[in-house]
Amino acid sequence: MQRFNLQTIESAPEKSKPTLAALKERFGFLPNVMATMANNPVLLNGFANAFGSFHGGSFDEIEKQVLLLTNAVTIKCPWTVAAHSTFAIEDGIAESEVEAIRQGKLPKNPKYAALSALTKALIEKKGNVSDADIDAFTAPGYSKAQILEVVTGIGVSTMAATTTNMAGTPIEERFQAQLWSPAMSAAA
């Protein structure tokens, strides 16, 4: 059940309008999660600032989608799984890698697997990861400082996933080919 209106640039609260316009420009459309967040400028503007910071970081587009999709599956959010599956494929991730993450498994690519494993561990262990978790992340070439960037990505994605799960945000036509439910995950 959809609990919040999907705002447009015209219908949103005044303090949400500039951010919505910028996000629409960036994406070429206004994703429903952002149209939902726009009901409260504090959430929307906080999300947009964290989103911009994360997307300006050191991870390439594929790595960002591996992290965001892993977070979406771990949190069990159908909207963010569908969206990030779509974006991951558009960014060039092999569909087999996307499907592995959607099933709660690790990608075959060692670097993506390390990123996905750390992301999942940080969420499931509520940040209380072990030295072995950190060593497994840095072994394929990531820096220890990038762990903090993973935390940023988890924060951004958690804001979106929590919003869409709570609000019952509908999944856009654009993402329908990547529909997902928690039952599809081996980790469910």
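The values are calculated or read from the model by the stated rules, or taken from the named source; none is laboratory data. It should be emphasised that the depicted structure is a prediction, and the values quoted were computed from it without experimental measurement. Methodologically, a virtual Cβ is constructed for each residue, glycine included, from the backbone with ideal geometry; neighbour enumeration extends over all protein chains shown.
For (1) more than 26 Å from ASN49 (Cα to Cα); (2) surrounded by 13 or more Cβ atoms within 10 Å (Cβ to Cβ); (3) out of contact with any strand residue (DSSP E or B) (no Cβ under 7 Å at 6 or more places or on another chain); (4) not basic (Lys, Arg), each residue gets a yes or a no:
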site	(1), (2), (3), (4)
SER85	no, yes, yes, yes
ALA88	no, yes, yes, yes
GLU99	yes, yes, yes, yes
ALA132	yes, no, yes, yes
LEU148	no, no, yes, yes
GLU173	yes, no, yes, yes
SER181	yes, no, yes, yes
SER185	yes, yes, yes, yes
**Study point:** Long-range neighbours under 6 Å by Cβ, at least six apart or interchain, first residue of a type in the set (S, T, N, Q) within segment 135-162, second in a helix (DSSP H, G or I)
**Key:** THR152/PHE54; SER157/LEU68; SER157/ASN71
Point to revise | Conditions (1) under 18 Å from PRO170 (Cβ atoms); (2) in contact (Cβ under 8 Å) with a residue 12 or more places away in the chain; (3) not assigned by TED's automatic domain parsing to the domain that holds THR152; number of the one not met by ALA22 | key: (1)
Practice item. Kindly establish whether THR70 is at pLDDT 95 or above and in contact with a Lys or Arg (Cβ under 6 Å, 6 or more places away or on another chain). Key: yes
Check your understanding: Got a number for residues in segment 1-19 being among the β-branched types (Val, Ile, Thr) and either buried (at least 16 other Cβ atoms within 10 Å of the Cβ) or in the same structural domain as ALA82 (by TED's automatic domain parsing) (or both)?
Key -> 2
**Study point:** Every residue from segment 82-106 that is in contact (Cβ under 8 Å) with a residue 12 or more places away in the chain, under 18 Å from LEU122 (Cα atoms) and among the aliphatic types (A, V, I, L, M)
**Key:** ILE101
Review point. Residues ALA38, ALA50: which one is closer than 19 Å to THR119 by Cα and in contact (Cβ under 8 Å) with a residue 24 or more places away in the chain?
Key: ALA50
Review point. Is there a residue in segment 160-183 that is among the aliphatic types (A, V, I, L, M), closer than 25 Å to GLY57 by Cβ and outside any loop (DSSP other than H, G, I, E, B)?
Key: yes
Check your understanding: Of (1) under 18 Å from ASP91 (Cβ atoms); (2) surrounded by 19 or more Cβ atoms within 10 Å (Cβ to Cβ), ARG26 satisfies all except one. Which?
Key -> (2)
Revision key, fill the gap. The residue that is nearest to ASN5 (Cα to Cα), considering only those in segment 38-52 that are surrounded by 14 or more Cβ atoms within 10 Å (Cβ to Cβ) and polar (S, T, N, Q), is ASN39
